[in-house]
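Below is one structure, written out as structure tokens; the observations come after it.
The values are calculated or read from the model by the stated rules, or taken from the named source; none is laboratory data. Worth saying up front: this structure is predicted, and the values here are computed from it rather than measured. Here the Cβ is made from the backbone with ideal geometry for all residues, glycine too, and neighbour counts use every protein chain on show. Just so you know, the surface numbers come from the protein's heavy atoms only, side chains and all, with ligands and any DNA or RNA stripped out. Shrake-Rupley method; radii C 1.70, N 1.55, O 1.52, S 1.80 Å.
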Amino acid sequence: STTATSPKSKEDQVVNGHDENENNPFAEYMWMENEEDFDRQVEEELQEQEFLDRCFQEMLEEEDQDWFIPSRDLPQGMGQLQQQLNGLSIGDDHSSEDILSKSNLNPDAKEFVPGVKY
């Protein structure tokens, strides 16, 4: 009778949580080797983002200075005058018949169409 050697059980292959044939038992900790470089890279990215945010904010502030904002740029009296002008409307003192009688337009004229020569 032949005796077959049984393959090693899973428990025999794992020693201290690592496979026997694993080359470097510290492989899962190798990321720590470059931790300083990683930290430096992240810090540079954060500084770059902060710089871009400051530049963008300065650009918005400069743009605001270029815009004409009546409430900010006009003297106080001018703002009140502007409100008064906005409240004005054309008065209805003249009737429409009175306006038509003074008009020198031809009521029988053809309708104006741009680009058409008569």
Next item on the list: Give me a count of the residues in the range 100-110 that are modelled with pLDDT under 75 and either in a loop (DSSP other than H, G, I, E, B) or exposed (fewer than 10 other Cβ atoms within 10 Å of the Cβ) (or both).
Entry: 0
Notebook entry, point to check: What is the number of the single condition among (1) open to solvent by 100 Å² or more (accessible area, probe 1.4 Å); (2) at pLDDT 80 or above that Val113 does not meet?
Noted result: (1)
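If you check Glu11 against the conditions, is it assigned to a helix (DSSP H, G or I), modelled with pLDDT under 70 and on the phi < 0 side of the Ramachandran plot?
Values: assigned to a helix (DSSP H, G or I): yes; modelled with pLDDT under 70: yes; on the phi < 0 side of the Ramachandran plot: yes.
For Glu11, the condition - assigned to a helix (DSSP H, G or I), modelled with pLDDT under 70 and on the phi < 0 side of the Ramachandran plot - is met.
Looking only at the range 62-86, how many residues end up being open to solvent by less than 100 Å² (accessible area, probe 1.4 Å) and either of a type in the set (D, E, K, R) or modelled with pLDDT of 90 or more (or both)?
Going through the range 62-86 one residue at a time, the tally reaches 3.
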